[in-house]
Every structure is written in structure tokens, then in C-alpha cells.
Amino acid sequence: MAIASETCGILPSAHLQRLLDTLSAKGYRIVGPIVRDGSVVWDTVRSVSDLPIGWRDQQEPGRYRLEQTGSQEVFGVVHGAQSLKQFVFAPREPLLQIERSKDGFATRPTLPQSEKVAIIGARACDLAGLTIQDRIFLNDAYRDPYYASRREGLFVIAVNCTRALSTCFCASMETGPRAKHGFDLVLTEVDDSLLIEAGSEAGRDLLSNLCLSTGSEQLSAEAARRIEACAQSQVRRLDHSRLPQALYDAHEHPRWDELAGRCLACTNCTMVCPTCFCHTVEETPDLSHQQSTHTRLWDSCFTQEHGYIHGKNVRPTIKDRYRMWLTHKLASWIDQFGTSGCVGCGRCITWCPVGIDVTEELSALLTQDGRSSGTPQQMESS
Amino acid sequence: MAKLEAPRKRPRLAVIKFASCDGCQLSILNLEEDLLALGEALDIAYFPEASSAMNAGPYDIALVEGSITTAEDAHRILSVRQQAKVLITIGACATAGGIQALRNWADVESFKRAVYPNPEYIQSLSTSTPISEHVRVDFELWGCPIDKGQLLRVMTDLVGGVQPRVPADSVCLECKRQGHVCVLVAKGLPCLGPVTRTGCGAICPSMGRDCYGCFGPSEGARKGPGLPPNTTSLARHFHDELQLIPVEVLRRFRGINGAVDPFRNESTVWENKG
Amino acid sequence: MTNPYVIHPATIIEKVWEAEDINTYRLQLVDERARQQFRFKAGQFNMVYLFGVGEVAISIVSDPDEPEFLNHTIRAVGRVTKAIAELQPGDVLGIRGPFGQGWPLEEARGRNVVIVTGGLGCAPVVGAIEYLFKRREQYGSIKILHGVKTPHDLLYRERFDQWRRAPDTEVLLASDQPDKTWNYHIGVVTELFEEVAIDPMKSIALMCGPEIMMRLGVPILMRRGIPASTIYVSLERHMECGIGLCGHCQMGPYFLCKDGPVMRYDRVAQWLGRTGV
């Protein structure tokens, strides 16, 4: 039986360029994963051949490697270090230009131009991260106009995951591997076909422009089976059932000291996290002190300045800072925003230079004696 | 630190060299159009690298390049300090002793005999030491060479009567802001970025190379237990996971800033493991 | 959509010396429209900006019923505040605000008020005290307990004398490193609790000062029968944005810039005194 064509269709992978062309014709700059420097980064895509065809990523704690399989698989790379965060919460966002004037000074907001950007290849965990950042920057007491301006122009084409990395644990965070919401279109790659579903009005509109052959129940069922298998194959999980309180209660756990011996306080986990939102402002005057720029930069709870209050630091040690990060991410975030700050993407595990694994650390912290309840593999088999 | 008076006159600047390669002074000249603005904001009174006009002190700001490696220089720096309201060291040599501080682990006499036909003419100390071991330093700029943008920021603050500040975070923070792929995680290179102070703009990782720590330890040189930089953990990772042998780990830390505490201590640990 | 980051110029109308390195700046917004629209509650703060240097969070200590003038007591301790200390009347600062939750002065109406402050951190509560005295008849008894390390640290000495003379008001001072001129209690502020009569169910307590003072003081107040839900504490963390977005001012699940800086004690009890929070 055919599925209604306005919400679902099949595109042979070989014809993916049609989708890109349709997006271009609608005025979108297309951004997708591009192989660079041994990983993938988001960059402008002009042709399907720019996408990482045949590549797959292997990720482990502290280690990332790409390998070429020789296949025609388009979305074999699950993800690189970058989530969608940079497209909305820019790493460096000029906020104000301030000039001396007769009143002392005048401020001019430097809002970014809203650009129509279509991102292809976002994963369920990325969408979950975007939803959380929307909640923080758009739907809190104040609405951030810079974020809003960037967010406005985004068109998101997600890809359902059919292969889990060793570092993935989205299934346990209930954010993936299937993209549930927050996308305009979602693709599932099944051999040489792409099953396309729409998730928004704009997505349905685009889908109707593509005039695709209608989806088949058979292909949908196979896609669903592969997504489910992906969920089942995840070796890591994060047990959040007793959070936030159990982590609040673990404040004096000896594991924090042990962790502090490994943590570099280098900020990488917070930089690659799709939800981390800490930022600082840099004030840059010119030499003549006639103009000054007020710029927002990604910051991290691992920096020295983060816990600074006149003359002292409330979080001087690495132990304090790691505990702040993990407790915020997995516990106090729930009190603040009604959801965990973790989406289970596993980036903080892979991109930690020394491979600290949040799932393992949490499990140890929620155990009385402070020892991990076992390696991920052991947990799975038990 | 000492503060400049409200500038009625343009502050007088001196740039003074000790044992160094002049690269940091060149960074000043590389400011290009900003150099002209700097020349307007400041009276460049003494800068032999750039100008033959060499006006005597006192100076409002002295930028000091290079480390102390001779008895004569150990004496000269005292007079520089006396003549300068604000003394700022520029670069790894002046701030940390520089690459020439490798001599601190070696026999300088044997170097002299190997290099010079008449080693008796060479008057040199057996160590290379940072300026701060000799006189009070008001502000330190790290790097080999310094970052010209940081230098400009510090000059701008001083001209405006504001205490200068440069970030002490790790290189990783800036590397990730710029969107570079981590060379340690994706290539297995022994990158010192996680324990090295930001300021360079993550130049080496942006070129696919591992950071070699030329901006010195993150969060400064003199630290207590439990504070960054955690060189112990990174060194262990180099050895256990990236398969560096102990002498290679030692060499990572004993480089341009090898004489600075956290790096020096770490290299010493690996000396004993070799 | 309003941009919460826009900074409004404000002229320094008056600069009043309070103590070494501490001045009160009386500010007036330059733009008339901004001036007319500006309303705040006692205990709220502004982000105070100095051109080319940056912003700092400073509580507003003037009366909310006279919002055309904004008083900020600023101690020169950091990079921005030291540069501000160089300014004189006629110079221009910037203002972004008001932000945060202030003292529960509405809730306190009709009740006895116990104010406990310590050290140099008492500026945020001075605005509240003045607010109470301007509306003295609306409140029950007022007890002000203030502790300093040395007599030299006693700011607003004249104001304490003035308050002491008000009806149904007690002002008790303590110094733990006194000199010969000190005529008041010798010891720490929490010892003053023994010297005052408190009707616990009719009282509300406002505390401002070092966290250690609150950690030691609150249990004593609670032993005297004051419920944790009527004790309010003013807390301090690094604040950059003022709007709960930059992440620095967290204490447990709270963003002190938007949930605080004044917090009801029972909400923060489990976080106060934890290291690294």
C-alpha cells in the first residue's frame, strides 16, 4: 500500500542531487557534513559528491577515526564534533557596537542577518539539542534576538540513525535514534534508497515539489526495523531514573577526586556538547577608545573565570569544575528546564582527549562505594 | 599593578631586548596599520629594532623581550626596571626563560667548547631565567612569538588606564570555537593544547599540527594541587594510549616553556621513567 | 522584540565617598524615555557598564519610588570597578537592567523585620532598610544586627546612628577585631541574636553578607523559631548577562541573576555551604 505522498516519499540515493537543487532553487544555502582533517565538519554543500559518500566513523572514548568502505552510502558517518549549536548559538557573536557620542556613548546592536540555511544530515540527538537550546534562548524569561535571528532561517533535514557508534546512548536518553520532532524533513537511508518524511509545513511543501514516488509500507517497515536495531545495538546507556536527586546526594562521593586526576579541564566536553550554553562577553575597544565591540563567546564551566567572584573563585579545582559540569548537565538542568541537559550523542566521550566517559562516571557516582558498576559491555550482557 | 597616570602626554614606550631571537619585536612591527595607531597613541621612545632614535628613560611602558643568560644582562634588567613604570615581558623567553632554558638541564661549558674555537671569550651564565626571577614584572605576555592582537589589547588597556587582561584558558576552548578538528582525538597526535594557554588563535591545530605549548601552561605557571593544568593526566595519555615512549613524553613538555613549573615538573617525572 | 543587551548611558550626578575604595554613584539615565520607563524593586540590580572595559552586576540601593535616580554603591575590587573608581560627576556609565528578584518588602508589610548583615557586603540591604524607614508605620519592630571585622569596616556609621533613633527599632553592632573606640559587642554578628527578643511567627529575616555568616546564622534563627520560609538571603555569584543565559551565576538549580540574588532560605538551604557550588 502506498503512503500519502505529501508526507512521505522515496528518493533513490543516486538522485539526492534533486533534493539539493530544489533547496538551492528555494534560496537555501545547503550545509552538510564534509570530510575534513580526519573527521566531518559542517560546511557548504553544492553537490552530493561533497557529502562523505562511503565513509564511516568509528568512535571510542578519546578516539575518532574515519574509514572509507567503498560503498555508495551517503550518510554512513554518524557525526563529527559539531552539533547544530554553532548555527544558532554562534561561537563568536558580535552583540553591540558602541561608539562615543555627545551622550557619552551610543550602542548599536549588531544582529546577524537571518540567512536561509538548509542543514542536511542532522541526527536525532542534534535535534534534541536544538530543542533544548530553543527552550533556553527563546522561551525563557528573556528572548535572545541574536539566536532568534539565526534560528529563523534554518531548514533542518534530519537523518535517522541505522548504525550506532560505541559512544552512542541516545536510546537510553529517549532522544533517538529516530528523529521524532524538530525537523522539516527526515531521511532514512535504506541501501540505495532514501525514505523521506516531512515534519513541518515547509517540509511538506518541499516534498510536493520533488514529485517523488510514493513510499511503500515495505520500505517503511525495513527503515523502522533498522532504526530499532540501531537502538538495540547501543552498548552504552545512562540511567537517569534517580536523577536529579541521586547526583545531588553524591556531592561528596570519592569518585570526584579520582575523576579530577584524569580530567584536563580543557573545556572540550562543553564545547562539543549540543546543549551547553555558557558564554562570556569580550569587550574590545580600539586604541583611540572611540569605539568598542561587545562580543559574545562560547565559555565553559571549566574555565578559571567561570566561578570567579571578586577576589575568589568558588570553583578553583578541577574537581569542583567537573562536578559542576556533570551535576548541571545531568541533574540541575532537570530542575531548571524540565529536561536532562544530556541528549546521549556521546560527543563528550569521544572528544575528551583522555576519554572520560560520562555514562561510566555517572554509574560510578550512583554506586555507594564509588566504583563503576562495570564496563558498558558488561552492563549490556548482564 | 602600577597604573599609568591619566595620559596628558602620550605614554613613552621602550622595547628592550635580552637573550632572544627578536621574533616578538617583529610581531610589533607586524601590526601593520595598527602600528601607525600605536605610534599615535604612544611615544615610541626606544625601539632599536625599528628606529635609530634611542631616547633615554624613564619610560611609562617597557616591553621586555628575551631571557637573562649573562651576568651583564642580569645587571641591565635592574636598570630597565628602575626606568619603567610598567614592565611587561613579551614572549616565552622573557616570561619563561625560552627554548634557551634547555641549557638549565645541560653542561653549558661543553656547548661553548663544541661551538666556539675560543670558548674563553664567551661570558655566559649556566642558566637562562625569566625576567620575573630578577625584577618585579607587572604583566606577562606568553607565546613564541607573542600574538600581536594580544599585545594590541594590552596596549589599548594601558592607554585607557585599565588593568590589562588576557585569557588564561586552554587552547582547546579557542580551537573548538573556530571549529577545527581535534588533532589529538582524530589523528592521535600528542597535542599540548589541553594544558596550554590560549592566545595564539589555535594556529597549529588549524594547520593539522599538534600544539607544542609555546604559550605556556594554561591558567599560569604557579599553581596549587588540584588546579589546571593537569599535565599528569595528559602525559599519561600520551604514553599509555598514543604510545609515546618516556623520552618522547619528556620532550613534549621540555620545549619552549620547559623551564616553567607545571611543564618542568612533568618532564622531570618522565626523566625518571626513562 | 526588545534587545536585552542594549546599554543605556547614565550620567554620574553625584559621587559619595563611603569608605576606602567604596563610593556611591548617583546615576541618571541620559535618555528621557528610558528614564521615564525605568522601574525597579528594592534589591534588584543593574549591569553597570564602563565604555571599553565591560559590565559588572551592582545592586540598586536607592528608593524604588524615586526611579529617576539610581544609586549604586561600588567597591573597587576588580578590573571594571577599579576603572569606575577613577570617574567623577559628569562622566558617563552605562546601565542595563533592572534584573533579578529583590527583597520581599511587600510580604514583610505588617511584620517585624530582623536584618542581619555582615562585613562590607551590606550595601544591597541598605536600600531595603531605607525603604522600611521611609514607610516606618507599615512595619512592626525593626532589628538591625550588623557585624564587621574591624571598626574600620563599619560603613554608613551615621546611618546606623540615625536608624537607632527611630521608634521601635534596635541597632546592634559587633566587631570581632575591635579597637579601643568600639563601644558595642565584641565578637561575631551571630552572637547578637542572644541580645534581641524575636517573635518568630511575626518576624521576617533578611540576611546579606558572607555565605559563612548565613550558614552559621540561619540555624540560630531557626532555633529561635523563625521558619526557613521567612528567612531571605542575598547571594552572590559571577554574573555576566543578568538574564539567566550566560550560565555563570548558578547555585544548584538556580540562576542567581534571575531567581535571586535574594533567595528564600528554604530553597537554597541544601546548596549553601557545599564546596564548589
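The values are calculated or read from the model by the stated rules, or taken from the named source; none is laboratory data. Computed from a prediction, not measured in an experiment: that's the story for all the values here. Because the Cβ atoms are built from the backbone with ideal geometry, glycine has one as well, and the counts that use them run over all protein chains shown.
Being crowded, with 23+ Cβ neighbours inside 10 Å, within 14 Å of chain C (Cβ to nearest Cβ) and over 23 Å from A:Lys26 (Cα atoms) narrows it down to one of A:Asp126, A:Asp134, A:Asp144, A:Asp140, so name that one.
A:Asp144
Here's a check for you: in region A:306-338, which residue that is within 8 Å of chain C (Cβ to nearest Cβ) and hydroxyl-bearing (Ser, Thr, Tyr) is surrounded by the fewest Cβ atoms within 10 Å (Cβ to Cβ)?
Checking each candidate, the answer is A:Tyr308.
Results for (1) of a type outside the set (Val, Ile, Thr); (2) buried (at least 21 other Cβ atoms within 10 Å of the Cβ), shown as yes or no for each residue.
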site	(1), (2)
B:Cys175	yes, yes
B:Val183	no, yes
B:Pro190	yes, yes
B:Thr198	no, yes
B:Gly201	yes, no
B:Cys204	yes, yes
B:Cys211	yes, yes
B:Gly220	yes, no
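Run down B:Gly161, B:Gly208, B:Gly201 and say which single residue is in contact (Cβ under 8 Å) with a residue 40 or more places away in the chain and facing chain A (nearest Cβ under 10 Å).
Answer to the selection: B:Gly161.
Out of region B:24-45, which residues are closer than 27 Å to B:Gly97 by Cβ and either hydroxyl-bearing (Ser, Thr, Tyr) or touching a residue at least 40 places away in the same chain (Cβ under 8 Å) (or both)?
Within region B:24-45, B:Cys24, B:Gln25, B:Leu26, B:Ser27, B:Ile28, B:Asn30, B:Leu31 meet the criteria.
Might you check whether a residue that is within 28 Å of A:Arg135 (Cβ to Cβ), facing chain C (nearest Cβ under 8 Å), at pLDDT below 95 and assigned to a loop (DSSP other than H, G, I, E, B) occurs anywhere in region A:288-305?
Taking every residue of region A:288-305 in turn, at least one turns out to be within 28 Å of A:Arg135 (Cβ to Cβ), facing chain C (nearest Cβ under 8 Å), at pLDDT below 95 and assigned to a loop (DSSP other than H, G, I, E, B).
Per-residue answers, yes or no, for (1) within 14 Å of chain B (Cβ to nearest Cβ); (2) crowded, with 16+ Cβ neighbours inside 10 Å; (3) at pLDDT below 95; (4) within 24 Å of A:Cys269 (Cα to Cα):
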{"residue": "A:Cys8", "(1), (2), (3), (4)": "no, yes, yes, no"}
{"residue": "A:Gln17", "(1), (2), (3), (4)": "no, no, no, no"}
{"residue": "A:Leu20", "(1), (2), (3), (4)": "no, yes, no, no"}
{"residue": "A:Tyr28", "(1), (2), (3), (4)": "no, yes, no, no"}
{"residue": "A:Gly32", "(1), (2), (3), (4)": "no, yes, no, yes"}
{"residue": "A:Asp50", "(1), (2), (3), (4)": "no, yes, no, no"}
{"residue": "A:His79", "(1), (2), (3), (4)": "yes, yes, no, yes"}
{"residue": "A:Gln82", "(1), (2), (3), (4)": "yes, yes, no, yes"}
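Listed here are the residues, each with its yes/no results for (1) crowded, with 22+ Cβ neighbours inside 10 Å; (2) modelled with pLDDT of 90 or more; (3) under 11 Å from C:Gly147 (Cβ atoms).
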position: C:Ser175; (1), (2), (3): yes, yes, yes
position: C:Lys180; (1), (2), (3): no, yes, no
position: C:Leu206; (1), (2), (3): yes, yes, no
position: C:Val233; (1), (2), (3): yes, yes, no
position: C:Cys241; (1), (2), (3): yes, yes, no
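Taking into account only those residues within region B:75-93 that are among the hydrophobic types (A, V, I, L, M, F, W, C) and either over 18 Å from the mean Cα position of the chain (by Cα) or modelled with pLDDT under 95 (or both), which is farthest from B:Ser128 (Cα to Cα)?
B:Ala84
Is there any pair with a first residue in region A:202-222 that is more than 26 Å from A:Lys26 (Cβ to Cβ) and a second that is part of a loop (DSSP other than H, G, I, E, B) whose Cβ atoms are under 8 Å apart and which are 6 or more apart or on different chains, and what are they?
Listed pairs, sorted by first residue: A:Ser216/A:Met1; A:Ser216/A:Ile3; A:Glu217/A:Met1; A:Glu217/A:Ile3; A:Ser220/A:Ile3.
If I go through region C:219-237 residue by residue, how many of them are in contact with a Leu (Cβ under 9 Å, 6 or more places away or on another chain) and without any contact (Cβ under 8 Å) to a residue 40 or more places away in the chain?
Of the residues in that region, 4 qualify.
Out of (1) closer than 28 Å to B:Pro225 by Cα; (2) within 11 Å of chain C (Cβ to nearest Cβ), the odd one out for A:Thr284 is which?
Of the numbered conditions (1) closer than 28 Å to B:Pro225 by Cα; (2) within 11 Å of chain C (Cβ to nearest Cβ), the odd one out for A:Thr284 is (1).
Being over 15 Å from B:Lys85 (Cα atoms) and in contact with a His (Cβ under 8 Å, 6 or more places away or on another chain), is that true of even one residue in region B:150-167?
Scanning region B:150-167, I find at least one residue that is over 15 Å from B:Lys85 (Cα atoms) and in contact with a His (Cβ under 8 Å, 6 or more places away or on another chain), so the answer is yes.
I want to confirm something. Restricting to region C:29-59 and keeping residues that are within 13 Å of chain A (Cβ to nearest Cβ), of a type outside the set (Lys, Arg) and loosely packed, with under 15 Cβ neighbours inside 10 Å, which single residue is nearest to the chain's Cα centre (by Cα)?
Looking at residues that are within 13 Å of chain A (Cβ to nearest Cβ), of a type outside the set (Lys, Arg) and loosely packed, with under 15 Cβ neighbours inside 10 Å, I get C:Ala34.
For A:Pro274, work out the one condition from (1) more than 13 Å from chain C (Cβ to nearest Cβ); (2) touching a residue at least 12 places away in the same chain (Cβ under 8 Å); (3) over 22 Å from the mean Cα position of the chain (by Cα) it doesn't fulfil.
Among (1) more than 13 Å from chain C (Cβ to nearest Cβ); (2) touching a residue at least 12 places away in the same chain (Cβ under 8 Å); (3) over 22 Å from the mean Cα position of the chain (by Cα), the lone unmet condition for A:Pro274 is (3).
From C:Val171, C:Val196, C:Val268, C:Val188, grab the single residue that is under 19 Å from the mean Cα position of the chain (by Cα) and more than 22 Å from A:Gly338 (Cβ to Cβ). First the steps, then the outcome.
Values: C:Val196 fails: under 19 Å from the mean Cα position of the chain (by Cα); C:Val268 fails: more than 22 Å from A:Gly338 (Cβ to Cβ); C:Val188 fails: under 19 Å from the mean Cα position of the chain (by Cα).
The conditions single out C:Val171.
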